[in-house]
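The values are calculated or read from the model by the stated rules, or taken from the named source; none is laboratory data. Given the structure is predicted, the values throughout are model-derived calculations rather than measurements. Please note: Cβ atoms are built from the backbone with ideal geometry, for glycine as well, and neighbour counts cover all protein chains shown. Protein only, heavy atoms only, side chains kept; ligands, DNA and RNA dropped before computing areas. Shrake-Rupley method; radii C 1.70, N 1.55, O 1.52, S 1.80 Å.
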Amino acid sequence: MSKPKVLFLCTGNSARSQIAEGYLRHLGGNQFEALSAGVAPKGLNPMAVEVMKEIGIDISEQKSKDVREFLGEAIPYVVTVCDNARQRCPIFSHTFKLLHWDIEDPAAIEGSREEKLAVFRRVRDELATRIKEELLAGVTTNP
């Protein structure tokens with residue numbers, strides 16, 4: 001039996017959705033297939049890799065993907081992590097649950113390296129909390 005897919009969608013698929021994909025894969029990898037994509041993919045942000053490594057999760061091999069790669073697939077759970085992705089999200093015909101989390105884009109923050117890392121960490125921690133409390137707590141493995 002295949003695991004239900006959870007697709008995290010943001011604009012660039014460089015930070016927020018990549019962090020969420022890696023975190024869900026780490027936390028619920030036996031129950032779910034974690035995926036991420038962007039409506040305008042930009043590549044994996046090195047700071048996303050860095051802050052995930054700080055908590056023992058390696059996302060360095062993840063790739064930035066275009067949401068169009070997943071059209072036609074049965075994806076029971078879609079989570080948009082920004083308003084732009086929500087507005088531009090295609091319709092997935094087999095989606096059981098669509099969640100929207102408007103999460104700050106850490107890649108858009110200006111400032112020193114430490115200031116940027118602080119925002120990446122805050123976003124990482126917010127995504128971890130939402131995944132545990134809003135996604136996994138309300139998701140069944142048999143939609």
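Here are the numbers:
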quantity: Rounded accessible area per residue of the range 1-47, 1.4 Å, Å²; calculated: 37
quantity: Protection proxy ranking, peptides 65-71, 119-125, average beta carbon neighbours within 10 Å, highest first; calculated: 119-125, 65-71
quantity: Net length gained if the chain between residue 68 and residue 121 were fully extended (0.36 nm per residue, minus Cα distance); calculated: 16.2 nm
quantity: Computed FRET value (nearest 0.05) for residue 108 with residue 134, which takes r as the C-beta separation and R₀ as 22 Å; calculated: 0.40
quantity: Sum of -39500 (n - 2.57) over DSSP H runs of 4+, divided by residues of the chain (222 nm, nearest 500); calculated: -9500 deg cm²/dmol
quantity: The chain - Rg over Rh from alpha carbon coordinates, Kirkwood radius; calculated: 0.94
quantity: Unit charges on C-beta of K, R, D, E only; dipole of the chain, Debye; calculated: 300
quantity: Segments 40-47, 73-80 sorted - mean Cβ within 10 Å per residue, highest first; calculated: 73-80, 40-47
quantity: Between helix 16-28 and the chain: long-axis angle, C-alpha atoms, 0 to 90°, nearest 10; calculated: 60
quantity: Accessible surface of the chain [probe 1.4 Å, protein heavy atoms]: carbon and sulfur percent; calculated: 48
quantity: Out-of-range pairs (alpha-carbon distance over 23 Å; input 3/132; 65/97; 63/97; 42/116); calculated: 63/97
quantity: Inverse of mean 1/r across different Cα pairs in the range 23-80, Kirkwood, Å; calculated: 12.7
quantity: Dipole-positive endmost among 108, 51, 7 within the chain (Cβ charges, Cα centre); calculated: 7
